[in-house]
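Below is one structure, written out as structure tokens, with a few remarks after it.
The values are calculated or read from the model by the stated rules, or taken from the named source; none is laboratory data. Just so it is clear, the model here is predicted, and its values are computed rather than measured. Note that we place each Cβ from the backbone using ideal geometry, even for glycine, and neighbour counts take in every protein chain shown.
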């Protein structure tokens, strides 16, 4: 529905939730992790017109066998907290968001730390994420849907190709005014 490249502060949370709320026509159930910035952001974007819960994961010390420089804390459980409306406890889950995050990490080297593919500039990172979501939603046929998500949602009636995305980028670039001095020719 929506994505945003940015920090994990309240300003970005509000921008993300505002964008999400504008894309939805009906009341929805929303689950977030325990990040406190979402409390105010969801309230500001949706008011009371949402069924909202937080799934707060609880962690303990990592097991001795997993101790090392990058060892995560051990998962010990979770707590579901109703925040607004009447969320169905059976559907309070962050699994879809976590699966989408895994898909992004697996498809884009920009998310792999300690490699030369890791994004060092936010603009390049945002561009990579935008291309990923265009491809994922408009070009890639999903096995369970037997079509692209954009086709299943009725956003488009055709199967896009990479060339269609390139044409969009080229059209957008043609709209931008040329900035003098922004391109320097490399002398041989």
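Quick check on residue 48: is it surrounded by fewer than 12 Cβ atoms within 10 Å (Cβ to Cβ), in the same structural domain as residue 36 (by TED's automatic domain parsing) and modelled with pLDDT of 90 or more? Yes.
Sort out which residues of region 17-43 are within 17 Å of residue 2 (Cα to Cα) and more than 19 Å from the chain's Cα centre (by Cα), and write them in order of number. Residues satisfying the conditions are 25, 26, 27.
A quick yes/no check of all residues on (1) within 17 Å of residue 97 (Cβ to Cβ); (2) touching a residue at least 60 places away in the same chain (Cβ under 8 Å):
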{"position": "14", "(1), (2)": "no, no"}
{"position": "17", "(1), (2)": "yes, no"}
{"position": "24", "(1), (2)": "yes, no"}
{"position": "31", "(1), (2)": "yes, yes"}
{"position": "38", "(1), (2)": "yes, no"}
{"position": "45", "(1), (2)": "yes, no"}
{"position": "48", "(1), (2)": "no, no"}
{"position": "52", "(1), (2)": "yes, no"}
